[in-house]
Each structure stands twice: as C-alpha cells, then as structure tokens.
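What follows is a single structure, written as structure tokens, with notes after it.
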Amino acid sequence: CAGIQPQASIKHTSSRRSRWRKKIKVAAPADNQTASTAQAKAGSSAESNADQETEATSPWPGCHIAHLGADWILGVSRLDPVVRRRRSLPDISIDPKQKVMSVINASGKERCFLISIHGSLRCIGASGQQLATGFARNDEGAEHTVIAFVIVVEPRTMMDVCRLQGLRSLKGLELHSDIVDMSVIPPQVSDCNPKGRAYGFPLAGSGPFLCSQGSGGKLTHFANAAMYHAVDFDCSVGTEIMAIGDGVVQGLHDAEKISGIDVMNLFRWNSITIRQKDGALAEYVHIAPGSASARVQQGATVSQGQVICCVGDVGFCPTPHLHLEVHLEEGDDAPSVPFSFQGLDGRPPFQCQQGVWYTPRGPVVL
C-alpha cells in the first residue's frame with residue numbers, strides 16, 4: 001500500500017487484480033481545515049439522535065454514495081492553496097477529536113474513493129442519524145457488519161464524510177479503501193449503438209428482474225470504461241443464467257465464496273467468459289460457487305439459451321445479482337460496449353435501464 005502514515009494503524013486491501021486503481025494514504029489531520037466544515041454538523045445532535053432508525057441513502061443496502069456531494073455528508077470545502085503547497089496531504093483523514101472522517105483529493109482530477117469500515121462503529125451523517133450498515137461474508141461463511149462509501153470528489157477538494165461515533169483510537173480500526181482517478185469514457189465506447197448488438201435474455205424464468213445498475217451506474221459502473229456499460233440484474237441466488245449467444249467458454253473461475261460490501265471483495269469474484277460467435281466477449285460475474293464448472297468446461301461450445309451457471313452473491317455484492325458486460329477485445333482494461341436484448345414475439349430490441357423491471361419479453365410496469 002502506497003503512503004500509509006505510520007501513526008494510523010489501519011488495515012488496507014492488498015494491491016491485486018481489480019478494476020479500481022489503488023493509491024492510499026491515511027492520517028490524523030495536522031491542521032484545522034480538515035474538520036472545519038464538519039464540526040457544526042457532527043456535534044451533540046449526533047449523540048442525541050444516535051438511537052433513531054438508521055438512514056439508508058441509496059438502493060444498495062449499507063452503501064452510501066456521494067458523487068461530488070450529497071445531503072447526508074457533513075460538508076465540502078476547497079483545499080487551501082498554502083496547505084497544498086506546504087506538505088503532502090493524506091487521502092483519508094480522521095480527526096482525533098471530532099472523529100470526523102474526511103477524504104482529500106489534492107490532485108488535479110476528479111477522484112473516486114471506495115471505503116469500507118468494519119465493526120460496531122456508528123457512522124453519523126449530516127442528519128444526526130446513524131447511516132445504515134450492510135454485511136460481508138468471509139471464506140468460512142461467517143458474516144459481520146460493514147458500511148461502505150462510494151465518494152467522488154472534485155479536484156483540490158476535501159469532503160467531510162461522516163462522524164465515527166464510538167471510535168476511541170485509530171489503532172485496530174479496520175478500514176479498507178480503493179482509490180481511482182476518474183477516467184474519461186472514450187467516445188467510441190459511449191456513443192456506439194446498443195441495438196446493433198442484440199442478444200438473448202440471460203436469466204431463466206419469467207421474472208420480472210430489477211435492473212439495479214445500467215450504463216454509468218453510480219455504485220460501481222461509472223468509474224472506468226471497462227465496466228461502464230455493464231448491466232446488473234437483482235435476483236435470487238440459484239437463478240439459472242443462460243448464454244446470451246452461441247460461443248466458446250474462454251475463461252471460468254467459480255471457486256470464491258466471499259460476499260458483501262467489503263472493499264476487499266473488489267479483488268475477488270467468480271465469473272465465466274464466453275467468446276461469442278460474433279467475436280464479442282460476454283462476461284457473467286458474481287456467479288455461485290461451482291455453478292459453472294458443474295455444467296461446462298473451458299473450451300466447451302455453448303448455445304444461446306443454454307444454462308451455463310447460476311446467480312450468486314460472490315465478490316462486492318450488496319445484493320445477489322448477475323453482472324453482465326460485453327467487450328470487443330481482451331484485457332482487464334478493455335472497454336465495455338453497450339448492448340441490448342432481443343425482443344420476443346416481434347418486439348424490437350431493448351436496452352436495460354437502472355430502476356426498471358424486465359422479463360425476457362422486455363420492460364414491465366409493476
């Protein structure tokens with residue numbers, strides 16, 4: 001991990017394969033600016049309201065999203081130019097007195113911070129309510145409480161995120177983070193026609209299934225071209241997944257078991273990749289352990305509509321879902337492309353949008 005300050009005894013993810021690039025510094029602040037915007041909002045009101053119902057700020061349980069700002073954050077302030085020039089600033093700061101966690105972007109680009117905090121700490125937002133928590137599951141199947149933050153910060157800006165109620169010292173605080181400079185989505189990726197690449201529907205059964213993220217989804221799809229045009233369908237673990245086109249199995253990994261909203265889970269997931277007859281690569285992610293290898297092997301030929309695996313909740317998963325993305329070239333950084341699904345009974349192809357329910361026939365209104 002690059003640049004972790006020695007006085008902050010905080011655990012971080014190891015730098016392994018992930019679609020998020022890593023740059024981490026954590027420290028207690030050395031000047032008054034870090035917590036200045038938070039002190040007015042994170043004082044005694046948080047103590048008096050801490051026993052109220054928890055506050056959910058997004059559709060994803062335990063995940064709290066602030067793209068440049070949000071009602072639940074404590075405050076945003078521009079970095080003092082003198083402070084920026086004087087010393088190297090940490091990426092994440094926790095004020096030892098106010099217990100305010102801040103994220104600091106001293107760079108000249110927008111930056112995304114994905115943070116998870118483990119344990120029984122109460123994260124208090126601007127309303128004084130405790131922010132809702134989620135869970136993570138380890139390899140042994142044990143679950144524990146976690147809260148996750150997806151924060152996008154403007155250049156040379158600091159965001160005071162929340163107050164960590166119950167934090168006595170940084171020692172032993174389990175905080176995992178992954179930080180990435182926002183990338184520009186290439187025009188050839190964002191502008192291509194999804195209806196020119198229409199496939200079969202990927203889920204067996206009549207549904208309906210909720211599209212919980214589409215192109216540029218604010219939880220995880222927005223930050224880079226590799227995931228930008230992925231589609232997520234919420235559904236029960238064990239729902240059968242079908243090949244969206246004829247092809248050959250090019251990659252298969254379904255041995256992982258971890259789940260939940262721990263940032264470490266960004267580095268571990270299950271997936272099957274099929275090189276389709278049209279040359280595109282279709283990747284099915286978060287699949288259930290053992291569900292692909294029990295049905296197909298690498299190099300096997302599959303047909304559109306054939307069951308290839310089952311929905312799981314493996315990897316970074318607030319809820320069980322299928323994450324499906326299509327690429328025209330190989331490589332971890334290969335951009336995803338828009339795609340659509342073939343309509344049934346003479347209906348036109350349809351592209352999935354976040355918040356809409358779908359069956360194999362198309363969108364439905366509940």
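Coordinate-derived values only; no laboratory data. The structure presented is a predicted model; accordingly, all values stated were derived computationally and were not measured. Glycine also receives a Cβ, built like all others from the backbone with ideal geometry; neighbour counts cover every protein chain displayed.
From Cα pairs below 8 angstrom and at least 6 apart in sequence, can you work out the relative contact order of the stretch 223-364, rounded to a whole percent? Please list the in-between numbers first.
Details: 349 pairs, mean separation 42.7, N = 142.
The normalised contact order for the stretch 223-364 reaches 30 percent.
Checking every one of the trypsin sites (Lys or Arg not before Pro) in the stretch 56-153 against DSSP loop status and a limit of 16 other Cβ atoms within 10 Å picks out 87, 97, 109. Judged by the ratio a/c of the largest to the smallest principal axis of the C-alpha gyration tensor, the stretch 226-277 counts as prolate, that ratio being 1.5 or greater while a/b is larger than b/c.
For the pair residue 293 and residue 138, label points projected 7 Å from Cα toward Cβ lie 2.3 nm apart.
Karplus-based coupling profile of the stretch 90-101, in residue order and whole Hz: x, 7, 10, 10, 10, 5, x, 9, 7, 6, 8, 8, with θ = phi - 60° in 6.51 cos²θ - 1.76 cosθ + 1.60 and x standing for Gly or Pro.
Report the GluC sites (Glu not before Pro) located in the stretch 107-151 that are in a DSSP loop and have at most 12 other Cβ atoms inside 10 Å of their Cβ, or state none.
Details: sites: 110, 140, 143; in loops: 110, 140.
Here the sparse-neighbourhood loop sites are 140.
By the gyration tensor of its Cα atoms, with a ≥ b ≥ c the square roots of the eigenvalues, what is the shape of the stretch 133-250: rounded for a/c under 1.5, prolate for a/b over b/c, or oblate? Cα axes put the stretch 133-250 in the oblate bin.
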